[in-house]
Every structure is written in C-alpha cells, then in structure tokens.
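Heads up, the thing below is written out as structure tokens.
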Amino acid sequence: MNKKNSRQFFGRMLLAAMIPIVAGLFSGCSEKIDESNLYTFTGETIEDYLKNREDQFSNFNYILTRIGYDKILSAYGTYTCFAPTNEAVTKYVDSLYNDMSNADLPHNGMTAQGLEGLTDSLCRDIALFHLLYSEVMGVDMSNGMTISTMLGRDINTSIDSISGNLVLNNYSLVTTMDNELENGVLHEINHVITRSNNMMAGEMGKHPEYSLFLQALTVTGLVDSLGLQERKGLIQPKKFCNKASGGKIYVPKVCKYGYTIFAETDDVLKENGINSIDDLFEYAKKVYENSADANGWYDYYRNRGIQVSTARDYQNPANVLNMFMRYHILKYSISYNKMFYTYAQSQKALVYEYLETMLPYTLMKMSRVNGKPYLNRWVSNSTLTDRVAEMGSDNICTVMREGIEVGKDNIQSLNGYIHPINGMLVYDFNVPHGVLNERMRFDDSSLLPELMSTGLRCKNPAEVKAENGGTFDTFGGNGNMRLPENFCEYLKVYNGDNTEIYYLGGQDCGWANYQGDEILCLGTYDFALRLPPVPDGTYELRMGYSANGNRGMLQFYLGRNNSVSSMQALDIPLDMRVVPKNEMSADGTVIIPDAVTGWSLYTNHEDLGVESDANMRNLGYMRGPLCFSYGSTIARAYAGDLRRIVTRQQFEQGDYWLRFKTVLPNNTNTEFHLDYIEFCPENVYNNSQYVEDMY
C-alpha cells in the first residue's frame with residue numbers, strides 16, 4: 001500500500017475516534033481546518049520530523065509550539081513546511097532584536113533578546129510564512145513559482161545561478177528538499193524567510209540602486225499613492241442559487257490592494273545620461289511635452305484639453321515628470337513568476353499581457369520572448385497574416401522595437417512588487433500607434449486588479465480547497481469562488497445578491513477557456529464590467545465565451561460610465577445556449593454551416609475556413625482562436641468556443657462599461673459566461689491587403 005492510499009485507509013479507520021480529540025486541538029485557532037479527515041499518524045508527521053531532530057529544528061519548533069501549530073502539524077492534512085535550522089532562526093531573531101529603525105516599535109516589539117522575547121504575533125507571522133496549505137514539491141518550484149503561504153503573503157522561488165540550488169525570495173537556500181511525510185512535505189532551508197512590512201517606497205529605500213527613482217517618486221508625491229492594503233466592508237453573499245451551496249463554496253474574506261513598479265536602476269538611468277532629478281525632468285520633458293497637442297498621441301489628455309506642464313510643479317498629474325513616473329506603476333500586484341499564464345496554450349501561440357498603468361487610461365504590452373518578459377515590444381502587423389492558418393511571414397511581421405527586458409530580481413514589499421528594467425519606459429507615439437495597434441485580447445481576470453493583488457487569478461484548485469477548510473462545492477469544480485458584489489472596483493452590480501458572480505480558476509479542469517479561467521454569473525444577473533482603455537480609434541469589441549445548454553440569454557449595453565442611465569442597448573440578445581452544429585450533406589460533399597452562427601469545422605474547408613470566417617462575421621460571430629485548446633481539440637475546431645462581435649464603433653481613450661443583463665429573469669439557474677474580451681482595430685479586421693490571423 002503506497003503512502004497516499006495508507007493515509008486514506010488509516011483516515012477511515014481512525015476518523016470516528018480522532019475527531020473529538022482533534023477538534024479540541026483547534027479550538028483556539030481561527031484558521032479553517034478540514035475536521036472531517038483529521039487524525040494522528042503512526043508514521044512521522046511534520047511535527048515528528050522537527051521534534052526528532054531537535055539539534056537542527058528545536059528553535060523553529062519552539063515558535064510553532066508558541067502558537068499551537070505543533071498540534072496542527074501532528075494531525076492529518078497535506079501541508080508544506082519550509083523548516084529553517086536552529087542557526088538560521090537564532091540569527092534572524094537576533095536581527096529583529098537589534099533592529100532600532102522603527103522608533104515607535106523598538107526591537108520590533110520584542111521584550112528581550114532570544115526566542116523567549118518574541119511576541120505571539122511575531123511567532124505567528126514567522127511560523128505561517130513558512131507553511132503552506134497544500135503540498136508543493138521541489139520539481140514544482142524549480143521553474144520559478146509564486147506560492148501563497150498560510151500568512152496570506154507570497155514566497156517566490158527561483159534557481160540560484162551560482163550554486164544551482166533552489167532559492168526562496170532570492171536568498172534562502174533549500175538545502176534538503178522533498179522530505180515526504182505522513183501529512184505533507186518538508187524542505188530544510190538555511191535562512192528564515194523574511195517578509196517585508198514596508199510599503200512600496202519604504203522597501204525601495206532599502207535598495208540603493210533605486211535612489212534616483214525613489215527621489216522622483218517622492219518629489220512627484222506618488223509615494224502617497226502607493227499605501228493602500230486592503231478593502232474594508234466586503235458585502236458577504238447571503239443568497240445562493242440551487243447550483244451552488246453557500247456552505248461549501250469559497251468566498252474570499254479579504255480583498256487586497258497592490259502595486260507593481262517597473263523601475264530603472266541608477267545604472268540604467270546613468271547609461272541614458274540621467275544623473276539627477278533635473279536630468280530626469282529634462283528627459284521626461286522631451287518625451288511628453290507635445291504628447292497632448294493637436295497632433296499628439298496621448299488621446300485622453302488631448303480630447304479633454306488637459307495642458308501638459310513643463311514647469312517644476314512635479315506633483316501636478318499633468319507635469320511631464322509626474323507622467324513619466326505614473327507610466328511605470330500598475331495599480332495591482334504582479335510577481336515575476338505570475339507575469340504570464342499559458343494554461344492549454346499552443347506552442348506556436350505568442351504569450352502576452354496588456355497592463356493598465358497609473359498614467360490615466362494608458363496601457364503597456366508585456367510579451368514573452370525566449371522565456372523572458374519584455375515591455376512594449378513592437379512587431380509590425382503583429383496580428384495580421386499573409387498566409388492561411390499561420391501568423392504572418394517575416395516579410396510583414398518584423399520587429400520594430402525590441403522592447404525593455406524585465407529583470408528577475410523582483411523586490412517584494414508589503415503591498416506589491418518592484419521589478420528592475422533595462423531601458424527607459426515611456427508612453428511615446430509608437431506605443432498607441434505601433435505596439436497597441438493590433439488585436440488586443442484581455443483575459444477576464446486581467447480586467448479585475450483585485451483578483452491579481454489578492455492572488456486569486458488562476459488559483460490552483462488544491463489551494464482554493466485548502467483555504468476553504470478542505471471542502472468545496474461540486475458546482476463546476478473545487479477551484480470555484482463566489483465574489484462579494486463589491487470585491488472588484490471594475491464590476492458594478494445593479495441588483496445586489498440577485499447577481500451571483502463566480503470566478504473559476506479553471507486550472508487542471510480542461511475547460512474550453514483561454515488561460516483556463518472564467519467568470520460565471522447566476523441568478524437574475526444585471527451587472528457591468530469596465531472595459532480596458534484603448535487608444536482612440538474604430539474597433540470591433542468582441543467577447544469570447546463557451547456555449548452550452550446550461551447558459552442563458554443576455555442583452556448587451558454600452559456606456560461611458562457605470563450608471564444605468566448612460567447605457568445604450570447593443571444589437572439583439574445573445575443566446576449562449578446555442579451550440580453550433582457541424583453538418584455535411586448526405587453524400588459528404590457539401591458543408592452545411594450552422595444557421596445561427598455560420599460555424600462549421602474549419603478543417604473541412606480547403607482554405608481552412610477563411611471564406612466562412614467572413615460569413616460568420618456577417619452574422620456577428622467568430623470561431624475561437626488557434627492559440628489554446630479544449631483538451632486535445634484546438635479552440636477554433638470546437639463548436640462551443642465562440643466569439644461574439646458586440647459592436648463596431650469609434651472608441652475614445654477613457655472609460656467604457658459593458659453591461660450584461662439576463663433576458664430570462666424567471667430562470668435563475670441559467671449561466672452567463674465570460675472568457676475574454678478583444679479590441680480589434682479597423683486596420684486589422686478590415687485590412688485591404690492582409691487578413692487577421694487565426695490566433
């Protein structure tokens with residue numbers, strides 16, 4: 001009998017006897033534990049491993065014991081423990097006591113030097129930052145991984161370039177890994193994993209290589225814009241439809257704010273002739289001085305008559321230096337290991353994300369090239385092709401700008417990440433007119449900053465289950481979560497608990513979804529989603545979705561803000577229950593396109609569906625793309641994977657909200673499904689020389 005089966009066997013045998021004992025062990029803890037499967041093993045648990053090696057781990061075990069986690073790690077479960085050695089703990093505790101940098105909290109609150117001087121809160125923070133709710137093996141971490149700990153803070157893994165060892169947060173070496181135990185896995189480490197309690201600017205101040213960038217943040221007043229941590233007053237759902245059980249499905253209790261800064265180091269600035277704030281101001285002036293003029297490219301400022309300032313009023317949002325700095329900052333938190341999501345994507349597909357910055361209504365593009373992230377890489381005709389079923393040839397798709405590489409040495413603060421970049425990052429003419437002049441596809445969760453900052457985007461089902469006390473709702477899979485109606489700033493719910501918004505991470509679920517995840521709504525839903533801001537132009541707005549018989553019908557509305565009075569109905573309602581039919585004539589010689597959508601299996605066409613694509617577009621539909629698969633079936637070949645053309649119209653750089661309202665109010669169990677949003681400029685969908693690629 002292998003270890004996994006033995007766990008289940010002993011669990012069933014001892015379950016009835018052990019539940020009363022274990023329930024007592026957890027009476028003083030607020031963390032949710034799956035009490036249906038708790039029992040003590042006869043083999044070595046994580047706690048046994050530590051206790052049996054007191055010469056190595058007694059200090060860490062002391063910290064665990066202080067908060068009662070020795071009992072938790074003695075019981076059934078599936079945990080990961082990063083165990084620092086005695087020497088590592090002693091060194092870290094001494095550093096806490098000797099730290100006098102905070103005059104309001106000398107010695108970090110310790111009452112004396114040594115383990116006994118630690119406060120209970122310090123013990124809790126140290127312990128929980130070294131524990132995971134699920135089992136993570138060395139092979140999982142070796143390619144770079146961001147892991148959510150029991151503390152709710154992340155650990156980032158990488159491989160040390162010199163020793164080749166696995167490293168946690170850039171400095172803590174894993175000296176012995178994959179010690180498989182009865183209730184999880186333990187990895188030995190040579191350094192306590194330290195967590196920053198500094199905000200973005202405070203953490204940047206500890207890294208002298210960013211001294212000039214930090215000075216610019218300070219003089220522009222942007223330091224004060226980077227201090228939010230958590231949204232208060234979440235409205236917890238009280239109503240659940242028949243498909244989802246309120247007692248089992250995961251509902252986040254915390255909504256985090258976060259930030260990401262892409263920052264030039266002093267060396268990079270020096271390479272560009274910038275050695276002072278004055279130099280940086282002059283550089284920003286050259287870039288942004290004319291950006292909002294009549295012939296400028298910053299459409300939002302130009303359309304509203306906002307005058308760009310070249311004075312020394314650095315805290316003016318329209319000041320050139322302030323604009324320069326804002327374009328480096330995102331209002332959500334992204335670690336290096338979570339910059340891209342490639343679930344079920346084809347090998348030929350390009351990997352990218354579009355990121356909204358704090359320079360109002362501007363985007364940057366992040367592309368993966370040879371495994372590395374680059375900002376604002378510009379490829380001409382990037383979503384056009386001169387071939388059938390392929391991306392364009394090198395003759396039309398050429399690299400116009402290599403882009404700016406993002407370094408791996410990210411710095412983690414209490415509420416975000418700082419990433420080094422190797423070039424000057426600006427929103428110049430070539431960004432809206434070159435980099436972003438292409439079909440832009442936005443995964444659903446990329447539109448909701450809180451999902452990223454709270455670590456929910458594409459969250460592993462095992463993590464969701466563990467954080468939900470080891471239980472899950474059978475509706476859709478154990479990676480589901482119900483979002484409180486005010487969880488996301490860019491989702492506006494019009495009818496309270498009657499709109500049930502679910503986020504499904506979709507990892508390992510095999511759904512027909514781009515990046516695996518989806519937004520699903522139930523009930524008599526009526527809500528709006530803020531669309532990503534795009535440069536001025538005529539676009540097709542499209543919505544990617546998966547059709548099936550469980551879906552419903554909805555009406556689209558579009559408005560310049562989220563008030564109902566601003567919304568205008570678009571086209572006829574969309575029936576998401578319609579799954580196209582794939583039919584041939586009786587003799588197998590004639591392809592019969594679906595009557596509603598025009599869909600047919602593209603591989604049955606000699607031109608691989610190019611002509612029928614045009615027929616589908618006339619009906620307001622498109623096939624799914626070639627860039628991801630549904631199991632072994634590419635999305636373009638799956639009848640249920642569709643794109644609806646919502647509207648073709650002029651968009652201005654600024655706010656737009658897309659409203660979704662059910663037209664079946666008497667059927668509260670029908671589903672609304674959103675996979676991704678596309679903005680496709682007219683010169684791509686209506687190009688006179690080339691056609692839009694199938695990816």
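The values are calculated or read from the model by the stated rules, or taken from the named source; none is laboratory data. Since the model is a prediction, treat every value here as computed from it, not as a measurement. Positions of Cβ are generated from backbone atoms using ideal geometry, with glycine treated the same way; all protein chains shown enter the neighbour counts. All accessible areas refer to the heavy atoms of the entire protein, side chains included, with ligands and DNA or RNA removed. Shrake-Rupley method; radii C 1.70, N 1.55, O 1.52, S 1.80 Å.
The set of residues from the stretch 563-610 being open to solvent by less than 50 Å² (accessible area, probe 1.4 Å), assigned to a strand (DSSP E or B) and modelled with pLDDT under 95 comprises just one member, I591. Filtering the stretch 212-240 to residues that are open to solvent by less than 60 Å² (accessible area, probe 1.4 Å) and not in a loop (DSSP other than H, G, I, E, B) leaves L212, F213, L214, A216, L217, V219, L222, V223, S225, R231.
Filtered by the rule that a residue be of a type in the set (S, T, N, Q) and out of contact with any strand residue (DSSP E or B) (no Cβ under 7 Å at 6 or more places or on another chain), the stretch 182-205 gives T194, N197. Out of the residues in the stretch 152-181 meeting the condition of being touching a strand residue (DSSP E or B) at 6+ places or on another chain (Cβ under 9 Å) and assigned to a loop (DSSP other than H, G, I, E, B), tell me which one is surrounded by the fewest Cβ atoms within 10 Å (Cβ to Cβ). Only one residue fits best here, namely S163. The one condition from (1) open to solvent by 20 Å² or more (accessible area, probe 1.4 Å); (2) among the basic types (K, R); (3) closer than 30 Å to A292 by Cα that K492 does not meet is (3). Beta carbons closer than 8 Å, at least 6 apart along the sequence or on distinct chains, pair a first residue in the stretch 440-451 that is closer than 27 Å to D693 by Cα with a second that is among the small types (G, A, S) for R441/G544.
Of the residues making up the stretch 383-405, those that are open to solvent by less than 20 Å² (accessible area, probe 1.4 Å), outside any strand (DSSP E or B) and touching a residue at least 12 places away in the same chain (Cβ under 8 Å) are T383, A389, G392, I396. The single condition among (1) hydrophobic (A, V, I, L, M, F, W, C); (2) open to solvent by less than 10 Å² (accessible area, probe 1.4 Å); (3) assigned to a helix (DSSP H, G or I) that M452 does not meet is (2). Candidates G516, G506, G523, G510: the one that is farther than 22 Å from N669 by Cβ, out of contact with any His (no Cβ under 6 Å at 6 or more places or on another chain), open to solvent by less than 10 Å² (accessible area, probe 1.4 Å) and not hydroxyl-bearing (S, T, Y) is G516. Scan the stretch 302-312 for residues that are under 13 Å from D278 (Cα atoms) and open to solvent by less than 60 Å² (accessible area, probe 1.4 Å) and the total you get is 2.
Only strands (runs of 3 or more DSSP E) whose full extent lies in the stretch 491-533 are considered here, and the ones with at least 1 residues that are within 20 Å of the chain's Cα centre (by Cα), of a type outside the set (S, T, N, Q) and closer than 28 Å to S346 by Cα are 499-504, 518-523. Scanning the stretch 272-304 for residues that are among the charged types (D, E, K, R) and in contact (Cβ under 8 Å) with a residue 40 or more places away in the chain returns a single hit, D299.
In the list M364, M391, M400, which residue meets the criterion of being modelled with pLDDT of 95 or more, within 22 Å of D443 (Cβ to Cβ) and not acidic (D, E)?
Numbers: M391 fails: modelled with pLDDT of 95 or more; M400 fails: within 22 Å of D443 (Cβ to Cβ).
Just a single option satisfies the conditions, and that option is M364.
Residue count for the stretch 450-474, restricted to those that are more than 21 Å from K243 (Cα to Cα) and among the basic types (K, R): 2. For the stretch 115-134, a residue qualifies if it is closer than 17 Å to L73 by Cβ and open to solvent by 50 Å² or more (accessible area, probe 1.4 Å), and exactly one does: R124.
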